[in-house]
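One structure follows; several queries about it will come next.
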Amino acid sequence: MCGIAGFFDKSAASGAGTGATLLRMLTALGCRGPDSAGIALWGQGDDGLIVRVKLGDGGDREARWREVIRRARRVARVRASKVQGSLLRLVVAKTEPADLAAAIERVAPDVEVVSMGQRLEIVKQVGAPAGLDAAFAVSQWTGTHGLGHTRLSTESRVDLSHSQPFWAHGTPDLAVVHNGHICNYHRLRRIYEQEGVRFYTENDSEIIGLYLARQLAAGRTLGEALRTSVNELDGSFSYLAATADAFGFAKDRFSLKPLIVAESEGCVAIANEEVALQAALGGRYQAREAAAGATGLWELPGRASARRARRGPRAA
Amino acid sequence: MGSIDCAALSVRQINESIRHLIDAGERKIALRNPGARHNLAVAILTDVAITIDGPVGYYAGGMSDGIRLTIHGSAGWGVAECLLSGTVVVDGNAGNGAAASIRGGTVVVRGDVAARAGVAMKGGLLVIGGSCGYMTGFMMQRGRIIVCGDAGDALADSMYEGVVYVGGDIAALGSDAVISEASASELAEVRATLAHHGVKGPTAFRKVVSGRKLWNYDKKDMETWKAAF
């Protein structure tokens with residue numbers, strides 16, 4: 001199973017209580033994925049980069065985060081730093097994202113940049129959604145949109161790195177949550193690895209963000225990437241993806257995983273069970289199961305306000 | 001009328017409360033605050049009117065025999081799955097597998113249904129006020145499906161028997177599903193059925209039945225089977 005949830009405030013009011021909404025949705029989906037929980041949120045933002053770093057289990061933690069900061073300082077000016085739970089949060093001045101991530105991850109093999117972006121922040125850990133609030137106070141977070149995930153591991157190990165949401169390593173502000181299996185994962189992974197892409201986990205869901213990142217790098221929009229993914233990713237999937245200014249979903253051509261979309265004048269809420277929509281919106285919405293092969297995309301005002309959703313390619 | 005507030009109860013407690021009320025002779029039961037939870041009012045084997053005031057999750061009313069269930073909201077996957085007799089009405093939209101494997105009774109979804117509605121139906125009637133998704137009526141064996149709106153891809157794929165009426169456009173017929181001529185009396189019956197359930201539909205319908213090409217083994221396919229095995 002796995003629970004996935006997404007919330008998008010169409011007004012682009014970054015003061016909205018998106019963290020609390022996502023936490024309620026995730027709590028409702030807790031029984032779909034009892035082993036890990038995580039939230040990605042696109043907040044107020046910074047003209048530099050906000051970085052969340054997994055400090056890992058090895059070594060002296062304090063020595064580790066001091067070393068991470070020291071290495072980051074070689075690449076960029078560090079404006080703020082704070083340790084929360086098992087993650088270190090850094091705000092750094094504008095710099096080359098790849099250089100910064102490489103510098104930080106050189107500290108130790110189990111040190112990983114969990115998220116990086118001008119607006120994106122990801123927190124995740126083993127345990128129930130309630131633990132996220134205790135460790136990171138996510139119910140206080142504000143932002144325009146966010147994603148949430150509760151995990152039921154079926155193949156890969158249960159730890160912070162293997163839990164979701166997945167940042168698309170190397171592409172600032174792009175993150176994904178997924179329910180299902182990507183059956184051509186190993187084939188695609190071999191191709192990507194030959195081209196120099198680094199994988200951080202053995203979780204097949206990780207490849208979705210990397211797939212989307214490659215499409216964006218090739219000049220496609222997120223909407224176009226979601227649509228091509230329906231044919232190029234094989235397996236059962238309902239997934240949500242977002243960047244700093246767009247939010248969307250894709251569903252496999254056989255509709256093997258649930259995904260319920262509710263849209264009102266002010267917001268969009270999506271989850272794979274309606275219990276989560278109840279938690280987000282109360283009674284004021286119309287729920288609709290997304291069609292087989294469907295994708296949907298919403299963009300923050302200033303880019304394109306109208307909803308752009310269409311059916312995916314014919315599956316018959 | 002018996003009334004159950006679901007908010008503070010577990011699903012098991014809700015279903016037990018329904019049974020207690022039925023055992024006490026109650027034949028009209030209202031469920032409030034269902035909260036889109038799964039497995040509500042399942043396996044009810046009595047002629048009883050149950051009203052659910054809000055959305056439900058998976059399998060609402062499933063495996064029931066004689067139930068008269070009305071859901072004032074949307075329904076998740078597998079609503080009324082395996083219904084034997086009775087009526088299940090959904091005011092909103094329904095998820096995948098609505099009325100899957102029903103053997104009898106009537107399921108009415110006033111809104112749209114997603115993929116695989118009426119899959120493996122073995123009898124009964126499924127009325128869809130709106131449109132239906134991918135593979136509606138897949139492998140159906142008996143019974144009727146009436147779709148007032150449009151039908152998605154692979155409609156009635158590999159159906160054995162039964163009939164599907166579609167008022168709107170058909171994206172694509174499934175394997176061995178064919179359009180057949182509907183008689184005037186048949187169409188009159190479809191319209192009467194819709195009127196009976198208070199569903200507004202178009203006046204014209206196309207009829208889809210099995211082409212019966214998959215009924216028998218075809219020697220021409222021998223090489224394909226050899227390769228497959």
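Could you list which residues have their amide H under 5 Å from that of B:Ile146, counting only those 5 or more apart in sequence or on another chain, with H placed in the peptide plane?
Amide H neighbours of B:Ile146, under 5 Å, 5+ apart: B:Leu126, B:Val127, B:Ile128, B:Tyr165.
Another one. For chain A, take N as its residue count and report Rg(C-alpha) divided by 2.2 N^0.38 Å.
Relative to the 2.2 N^0.38 Å estimate, chain A comes out at 0.92.
Compute the length gained on full extension between B:Glu186 and B:Leu45: take 0.36 nm times their separation in residues and subtract their Cα-Cα distance, giving the result in nm to one decimal.
Contour length minus Cα-Cα distance gives 47.6 nm.
Averaged across orientations, what area in nm² does the convex hull of the alpha carbons in the protein assembly as shown project?
The Cα convex hull of the protein assembly as shown, projected and averaged over all directions, gives 27.7 nm².
Which angle from 0 to 90°, rounded to the nearest 10, does the C-alpha axis of helix A:206-217 make with the longest principal axis of chain A?
90 degrees
At B:Ile179 and B:Lys219, where each label point lies 7 Å from the Cα along Cα→Cβ, what is the point-to-point distance in nanometres?
According to this spin-label approximation, the distance is 3.4 nm.
Hey, another quick one. Got a sec? How would A:Lys10, B:Lys213, B:Lys220 order by Cβ neighbour count within 10 Å, fewest to most?
Ordered by Cβ neighbours within 10 Å, fewest first: B:Lys220, B:Lys213, A:Lys10.
Follow-up. If you average 1/r over all unlike Cα pairs in segment A:153-231 and invert the result, what Kirkwood radius do you get in angstrom?
13.0 Å
Per-residue HN-Hα couplings for segment B:160-165, Karplus 6.51 cos²θ - 1.76 cosθ + 1.60 at θ = phi - 60°, whole Hz, x for Gly and Pro?
My calculation for segment B:160-165 gives 8, 8, x, 8, 10, 9 Hz in order.
Give me a comma-separated list of calculated 3J(HN,Hα) values for segment A:272-278, in order, Karplus coefficients 6.51, -1.76, 1.60 applied at θ = phi - 60°, integers in Hz, x for any Gly or Pro.
Ordered by residue, 3J(HN,Hα) equals 8, 9, 5, 3, 6, 5, 4 Hz.
What are the extents of the Cα atoms of segment A:32-100 along their three principal axes, in Å, largest first?
41, 32, 20
Normalised by the number of residues in segment B:2-228, what is the relative contact order in percent for Cα pairs under 8 Å and 6+ residues apart?
Relative contact order of segment B:2-228: 10 percent.
Would you mind checking segment A:204-223 for residues with the amide N under 18 Å from a putative spin-label position 7 Å along Cα→C-beta of A:Asp234?
A:204-208, A:211
Moving to a separate point now. Can you tell me the Rg and Dmax of chain B, counting just the alpha carbons, in angstroms?
18.7, 64
Here is a further query. Over what distance in Å are the Cα centres of segment B:111-184 and segment A:1-66 separated?
Taking the Cα centre of segment A:1-66 as reference, the centre of segment B:111-184 is 42 Å away.
How large is the Rg to Rh ratio of segment A:20-62 when both quantities use alpha carbon positions and Rh follows Kirkwood?
So for segment A:20-62, dividing Rg by the Kirkwood Rh gives 1.09.
If one puts a single equal scatterer on every Cα of segment B:3-53 and applies the Debye formula without solvent, what log₁₀ I(q)/I(0) results at q = 0.13, 0.15, 0.29, 0.31 Å⁻¹?
Taking Cα atoms of segment B:3-53 as identical point scatterers yields -0.24, -0.33, -1.29, -1.45.
Hey, another quick one. Where nothing but the Cβ of Lys and Arg (+1) and of Asp and Glu (-1) is charged, how large is the charge dipole of chain A around its Cα centre, in debye to the nearest 20?
Result for chain A is approximately 480 debye, rounded to the nearest 20.
Which whole-percent values make up P(r) of segment B:140-229 when all C-alpha to C-alpha distances are grouped in 10 Å steps starting at zero?
With a bin width of 10 Å, the distribution comes to 16, 41, 27, 10, 6, 0.
Toward the positive end of the charge dipole of the protein assembly as shown, about the Cα centre and with charges on Cβ (Lys, Arg +1; Asp, Glu -1), which of A:Gly131, B:Ala184, A:Ile39 goes farthest?
Final value for the positive-end residue is A:Ile39.
Using a 10 angstrom cutoff on alpha carbons, build the Gaussian network for chain B and name the most mobile of B:Ser85, B:Ser180, B:Ser74.
B:Ser180
Applying the Karplus parametrisation 6.51 cos²θ - 1.76 cosθ + 1.60 with θ = phi - 60° to the phi angles of segment B:74-83, what ³J(HN,Hα) value in whole Hz is obtained for each residue in order, glycine and proline being reported as x?
8, 10, x, 5, x, 5, 6, 3, 6, 4
Moving to a separate point now. When all C-alpha to C-alpha distances in segment A:60-149 are sorted into bins of 5 Å, what percent of pairs does each bin hold, rounded to whole numbers?
That works out to 2, 12, 24, 24, 18, 14, 5, 0, in percent per bin.
Also, quick follow-up: So what is the relative contact order of chain A, in percent, for Cα pairs below 8 Å that sit 6 or more residues apart?
Relative contact order here is 23 percent.
A further question follows. How far is helix A:185-194 tilted off the main Cα axis of chain A, in degrees rounded to 10, range 0 to 90?
Roughly 40 degrees between the two axes.
Report D for segment A:109-166 in µm² per second (integer): Stokes-Einstein, Kirkwood Rh on Cα pairs, 10 °C, 1.306 mPa s.
For these conditions, the coefficient is 125 µm²/s.
Which residues among segment A:23-46 fall inside the zone where the amide N is under 15 Å from a point 7 Å beyond the Cα of A:Arg157, along Cα→Cβ?
Correct set: none at all.
Order by neighbour count: B:Met1, A:Met116, A:Met1, B:Met140, fewest other Cβ atoms within 10 Å first, most last.
B:Met1, A:Met1, A:Met116, B:Met140
Just in segment A:136-229: which GluC sites (Glu not before Pro) are loop by DSSP and have at most 14 other Cβ atoms within 10 Å?
Qualifying residues, ordered by number: A:Glu155, A:Glu195, A:Glu202.
Bear in mind these aren't lab numbers, they're just calculated from the coordinates by the rules spelled out. Remember, it's a predicted structure, so these values are computed and weren't measured experimentally. When we count neighbours, we look across all protein chains shown, and the Cβ atoms used for this are built from the backbone with ideal geometry, even at glycine.
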